[in-house]
Amino acid sequence: MELSRRDALVALSTAGVGSLAGCGAPVAGGDATDSGATDDPERETRGNGAVGDHERATLVAVARAVYPSAVGGVDEFVRTYTGGRIDGDTAYAREVSEAVATLDDYAVGLYGTQYVDLSSEDRAEALDVMSVDDVDPDPDGTEPQRVRHYLVNELLFALYASPTGASLAGLENPPGHPGGTRSYREGPER
């Protein structure tokens with residue numbers, strides 16, 4: 001199944017990011033004049049509230065680790081969703097940036113390299129060893145809880161809030177969807 005820009009825009013709408021009708025695709029980047037970007041690519045945005053190329057690449061890498069293997073178009077989907085999600089919300093962008101830095105520090109401690117540079121098997125293993133799947137997501141909690149909240153759960157929400165992702169989970173017409181009376185009178189197909 002191929003994710004599209006439309007899927008990302010639907011997920012953004014579901015997240016309550018506002019109307020994107022008629023807008024160009026939002027992109028994540030440190031374009032703002034107050035972004036505090038430096039000339040050092042390693043620390044392009046770490047700690048300054050912007051989500052730059054490294055953070056976006058890390059989000060794509062996390063998505064590839066947690067999304068089902070049947071899903072394609074992950075790069076564009078994650079970049080579009082992330083761009084819209086953080087646009088104008090510097091506090092949220094800072095938290096995402098800090099969660100990426102935490103994940104990178106953890107990966108460097110385990111494997112000697114940043115998370116984005118790990119193999120796909122090591123990416124999944126790093127999240128597993130960090131116990132991201134065992135902790136409750138908490139934006140103010142421990143490091144694994146923040147990584148789960150800002151990276152893993154946010155990406156999973158985006159996937160399953162999109163039409164393509166919802167169909168993967170058998171939620172093409174979830175409860176409350178304006179599908180007419182027939183949609184709630186008929187049981188699921190078996």
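Brief remarks on what is shown
- Boolean, Gly24 is surrounded by fewer than 18 Cβ atoms within 10 Å (Cβ to Cβ), at pLDDT below 70, in a loop (DSSP other than H, G, I, E, B) and within 18 Å of the chain's Cα centre (by Cα): no
- Residues that are in a helix (DSSP H, G or I), under 14 Å from Ala61 (Cβ atoms) and out of contact with any Phe, Trp or Tyr (no Cβ under 8 Å at 6 or more places or on another chain) within segment 109-124 comprise Tyr111, Val116, Asp117, Ser120, Glu121, Ala124, listed in sequence order.
- Look at (1) on the phi < 0 side of the Ramachandran plot; (2) assigned to a loop (DSSP other than H, G, I, E, B); (3) surrounded by fewer than 20 Cβ atoms within 10 Å (Cβ to Cβ) and you find that Ala91 fails only one, number (2).
- 1 or more residues farther than 19 Å from Ala15 by Cβ and either at pLDDT 95 or above or out of contact with any Ser or Thr (no Cβ under 7 Å at 6 or more places or on another chain) (or both): qualifying helices (runs of 4 or more DSSP H) within segment 137-178: 143-147
- Test for Thr142: is it farther than 15 Å from Ala65 by Cβ and in contact (Cβ under 8 Å) with a residue 24 or more places away in the chain: no
- Residues of segment 83-110 that are of a type in the set (A, V, I, L, M) and free of Cβ contacts under 8 Å to residues at least 12 places away in the same chain: Val108 alone.
- Subset of segment 120-142 [loosely packed, with under 13 Cβ neighbours inside 10 Å and of a type in the set (Gly, Ala, Ser)]: Ser120
- Checklist (1) under 18 Å from the mean Cα position of the chain (by Cα); (2) in a helix (DSSP H, G or I); (3) at pLDDT 85 or above applied to Ser13, failing item: (3)
- Yes/no for Gly30 being over 23 Å from Asp133 (Cα atoms), modelled with pLDDT under 90 and part of a helix (DSSP H, G or I): no
- In segment 94-103, the residues that are closer than 16 Å to Ser131 by Cα and surrounded by 20 or more Cβ atoms within 10 Å (Cβ to Cβ): Ala99, Val100, Leu103
- Restricting segment 77-128 to residues that are hydroxyl-bearing (Ser, Thr, Tyr) and in contact with a Ser or Thr (Cβ under 7 Å, 6 or more places away or on another chain), the residue that is farthest from Tyr150 (Cα to Cα) is Tyr115.
- Near pairs, Cβ below 9 angstrom, 6+ apart or cross-chain, from segment 153-167 (in contact (Cβ under 8 Å) with a residue 12 or more places away in the chain) to any residue that is acidic (Asp, Glu) and part of a helix (DSSP H, G or I): Ala158/Asp7; Leu159/Asp7; Ala161/Asp7; Ser162/Asp7; Pro163/Asp7; Thr164/Asp7; Gly165/Asp7
The values are calculated or read from the model by the stated rules, or taken from the named source; none is laboratory data. Predicted model only: the values in this text are computed from it and were never measured. Counting neighbours? That spans all protein chains shown, and the Cβs are built from the backbone with ideal geometry, glycine included.
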